[in-house]
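Okay, structure first, notes after.
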Amino acid sequence: MPIFAPVGRMFLAFFAVVGRVTVFAVKTVGHCVTPRFYFRLIFKQMCEIGYFSLPVVAMTTLFAGMVLALQSYSGFSRFSAESAVATVVVISMTRELGPVLAGLMVAGRVGAAIAAEIGTMRVTEQIDALVTLSTNPFKYLVVPRVLAGLLTLPLLVFIGDIIGVLGGYIVGVHKLDFNSGSYIKNTFEYLEVLDVVSGLVKASVFGFIITLMGCYHGYHSKGGAHGVGQATTNAVVSSSILILISNYVVTELFFTR
Amino acid sequence: MTDNPKISLRDVHKSFGPKKVLQGIDLDVAPGESVAIIGGSGTGKSVTLKCILGLLDADQGSILVNGEQMVGASRSLRETVLSKTGMLFQSAALFDSMNVWENIAFGLIEGKNISRRAARDIAMERLADVGLGPEIAMLSPATLSGGMQKRVGLARAIATKPEILFFDEPTTGLDPIMGDIINDLIVKCTRDLGASAITITHDMASARKIADRIAMIYQGRIIWNGAVSEIDSADNPFLRQFVAGDIEGPLDLDLKHL
């Protein structure tokens, strides 16, 4: 049947990619826990991924918090539950919107940059040059980025959570005329440690996914400028999809009794 | 054949899918000897070099570098072997995230664990060895001309005083004068270090100047191997056609199909 052949090929290609990504991930984790460690590069990547992503994450979470306050107010006012606005904002930000929005923004900014940088190094033989200079490209290029992603995304999301809640507070107090003290009281009254912790765990998982996908697609790019462009697109698309899938999985693990 | 060659290839095969690129390469490089591998595009010159360096895994055969088997070698053994080698890439392959001196000092800092200050001093000496002044040490490689990038690449290759040097198309993309300067530098550096060298090239002028011996590769095999002085008197029709640059002859060039 001619129709089955292309479908079969597509499935085989998909599973081949899944296999290659899995092998790459296992190799990366292996190198993450065995010396040698390039601490200077890890620190540099932490600045690159964390510090320089702060403005874009701050803007995103600020406006997300503001919109959330507006939307939940207009919805809850229909059944006189306006007092729940602060609680909804803080729980939504810490559990979902903070990590997911920060993850997607960092995927666009950092994942693309990693794929482009490593991809260019691949097609210009710089990775081969590393090997000939007896340097392991996995330890030198991949591990610092993945460790930096794993460690800095939770920090970034924590700051994003605070800014998002602040956005909700600004709209709640200055536009919707909530009392400042009661808004702050409502914000913390029903907030649990697990709400924040689950968001930070998600952030760490997203950090791993974003940097791993950027490194994987960059490391395996070929064919010059077109190949690097393709690697960049694939890194952003695959990490964005994996962020949404893993977000569900982590939520299920934390909150399903 | 030498008793203890620095590099020894025996029956090396490498395929990419159905395409058989190397079909039984045999080659020896003696200590202190410089060998140029010549041949047309797509004949397997670069693949041979990559197999020797461990950048590609040979499908079968034996590759001994400094007496160590590189086929199927562990990563740590490869790193140990490669720490005694230097490589000048066709595109120079300088790290664009580092400046010139950091590029040259890379192998010293990361491979030999030399302090940055000491490595910088050595890098400046190597920079002078390739005829470049200290004023370019802080520049980014992207701001250099092709010839300067090649010279920095050469300085990086010799920075760790390797026992074996590899040169991949060292004069490609350069004007004849700059090409000749690079050739002279390669001869000087190889001689000063007493290193063995393998040069991949299709530039006959470069091969004649750099090498003691020339090996011609065609369809994945070495079809001629002899001293540079013998090249003009050799009766191998493939070699004669390649050296003369004739379109007509026994070489099955892609050109013929155009």
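The values are calculated or read from the model by the stated rules, or taken from the named source; none is laboratory data. Since the structure is predicted, the reported quantities are computational estimates derived from the model, not experimental observations. Ideal geometry is used to build each Cβ from the backbone, glycine not excepted, and the neighbour counts take in all protein chains shown. Protein only, heavy atoms only, side chains kept; ligands, DNA and RNA dropped before computing areas. Shrake-Rupley method; radii C 1.70, N 1.55, O 1.52, S 1.80 Å.
Cβ-Cβ distances below 8 Å connect the following pairs, each with a first residue in the range B:51-65 that is within 12 Å of chain A (Cβ to nearest Cβ), a second residue that is part of a strand (DSSP E or B) and among the basic types (Lys, Arg), and a separation of six or more residues or different chains: B:Leu56/B:Lys14.
Here B:Met216 meets the list (1) open to solvent by 20 Å² or more (accessible area, probe 1.4 Å); (2) in a strand (DSSP E or B) almost entirely, failing just condition (1).
Could you check the range A:180-196 and list, in sequence order, the residues that are under 13 Å from A:Val85 (Cβ atoms) and either free of Cβ contacts under 8 Å to residues at least 12 places away in the same chain or not aliphatic (A, V, I, L, M) (or both)? Write out each step before concluding.
Residues of the range A:180-196 under 13 Å from A:Val85 (Cβ atoms): A:182-187, A:189-190.
Hits for the range A:180-196 are A:Ser182, A:Tyr183, A:Lys185, A:Asn186, A:Thr187, A:Glu189, A:Tyr190.
I need the full set of residues from the range B:71-116 which are of a type in the set (D, E, K, R), at the interface with another protein chain (Cβ under 10 Å from one of its Cβ atoms) and more than 10 Å from B:Thr160 (Cβ to Cβ), in order please.
Narrowing the range B:71-116 to residues of a type in the set (D, E, K, R): B:75, B:78-79, B:84, B:96, B:102, B:110, B:112, B:116.
Within this subset, residues satisfying the condition of being at the interface with another protein chain (Cβ under 10 Å from one of its Cβ atoms) are B:75, B:78-79, B:84, B:96, B:110, B:112.
Those that are of a type in the set (D, E, K, R), at the interface with another protein chain (Cβ under 10 Å from one of its Cβ atoms) and more than 10 Å from B:Thr160 (Cβ to Cβ): B:Arg75, B:Arg78, B:Glu79, B:Asp96, B:Glu110.
State which residue is nearest to the chain's Cα centre (by Cα) when the search covers only the range A:183-210 and only residues that are aromatic (Phe, Trp, Tyr) and open to solvent by 20 Å² or more (accessible area, probe 1.4 Å). The selected residue is A:Phe208.
Here's the yes/no breakdown for (1) in contact with a Gly (Cβ under 9 Å, 6 or more places away or on another chain); (2) open to solvent by less than 40 Å² (accessible area, probe 1.4 Å); (3) outside any helix (DSSP H, G or I):
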{"position": "B:Ala207", "(1), (2), (3)": "no, yes, no"}
{"position": "B:Phe238", "(1), (2), (3)": "yes, no, no"}
{"position": "B:Gln241", "(1), (2), (3)": "yes, yes, no"}
{"position": "B:Asp246", "(1), (2), (3)": "no, no, yes"}
{"position": "B:Leu251", "(1), (2), (3)": "yes, yes, yes"}
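If a residue has to be on the phi > 0 side of the Ramachandran plot and open to solvent by 50 Å² or more (accessible area, probe 1.4 Å) to count, how many in the range B:4-24 make the cut? Counting residues in the range B:4-24 that are on the phi > 0 side of the Ramachandran plot and open to solvent by 50 Å² or more (accessible area, probe 1.4 Å) gives 2. Applying the criterion of being open to solvent by 20 Å² or more (accessible area, probe 1.4 Å) and among the aliphatic types (A, V, I, L, M) to the residues of the range A:122-150, the residue that is farthest from the other protein chains (Cβ to nearest Cβ) is A:Leu150. Exactly one residue out of B:Leu154, B:Leu127, B:Leu108, B:Leu139 is aliphatic (A, V, I, L, M), in contact with a helix residue (DSSP H, G or I) (Cβ under 8 Å, 6 or more places away or on another chain) and open to solvent by 10 Å² or more (accessible area, probe 1.4 Å): that is B:Leu139.
Tally time: how many residues in the range B:194-238 are touching a strand residue (DSSP E or B) at 6+ places or on another chain (Cβ under 8 Å) and aromatic (Phe, Trp, Tyr)? Selection size over the range B:194-238: 2. When B:Asn103, B:Asn66 are screened for being under 21 Å from B:Thr190 (Cβ atoms), in contact with a Lys or Arg (Cβ under 7 Å, 6 or more places away or on another chain) and modelled with pLDDT of 95 or more, only B:Asn103 passes. Here are some conditions: (1) within 14 Å of chain B (Cβ to nearest Cβ); (2) open to solvent by less than 10 Å² (accessible area, probe 1.4 Å); (3) more than 30 Å from B:Leu77 (Cβ to Cβ); (4) of a type in the set (Gly, Ala, Ser). A:Gly119 meets all but one. Which one does it not meet? If we test A:Gly119 against (1) within 14 Å of chain B (Cβ to nearest Cβ); (2) open to solvent by less than 10 Å² (accessible area, probe 1.4 Å); (3) more than 30 Å from B:Leu77 (Cβ to Cβ); (4) of a type in the set (Gly, Ala, Ser), just (3) comes out false. I want to confirm something. Restricting to the range B:145-169 and keeping residues that are away from chain A (no Cβ under 14 Å) and not small (Gly, Ala, Ser), which single residue is farthest from the chain's Cα centre (by Cα)? Looking at the filtered set, the residue picked out is B:Met148. Can you name the residue in the range A:31-90 that is of a type in the set (D, E, K, R) and assigned to a helix (DSSP H, G or I) and, of all such residues, is nearest to A:Pro154 (Cα to Cα)? Among those that are of a type in the set (D, E, K, R) and assigned to a helix (DSSP H, G or I), it is A:Glu48. The single condition from (1) within 30 Å of B:Ser8 (Cβ to Cβ); (2) within 11 Å of another protein chain (Cβ to nearest Cβ) that B:Thr172 fails is (2).
What pairs come up if the first residue lies in the range A:89-107 and is on the phi < 0 side of the Ramachandran plot, the second is crowded, with 24+ Cβ neighbours inside 10 Å and among the charged types (D, E, K, R), and their beta carbons are under 6 Å apart, counting only those six or more places apart or on different chains? These pairs meet every condition: A:Met93/A:Asp161; A:Thr94/A:Asp161; A:Gly98/A:Asp161; A:Pro99/A:Lys202.
Give B:Ile164, B:Ile198, B:Ile158 a once-over and let me know the one that is touching a Phe, Trp or Tyr at 6+ places or on another chain (Cβ under 8 Å) and either within 19 Å of B:Val228 (Cβ to Cβ) or aliphatic (A, V, I, L, M) (or both).
Details: B:Ile164 fails: touching a Phe, Trp or Tyr at 6+ places or on another chain (Cβ under 8 Å); B:Ile158 fails: touching a Phe, Trp or Tyr at 6+ places or on another chain (Cβ under 8 Å).
Answer to the check: B:Ile198.
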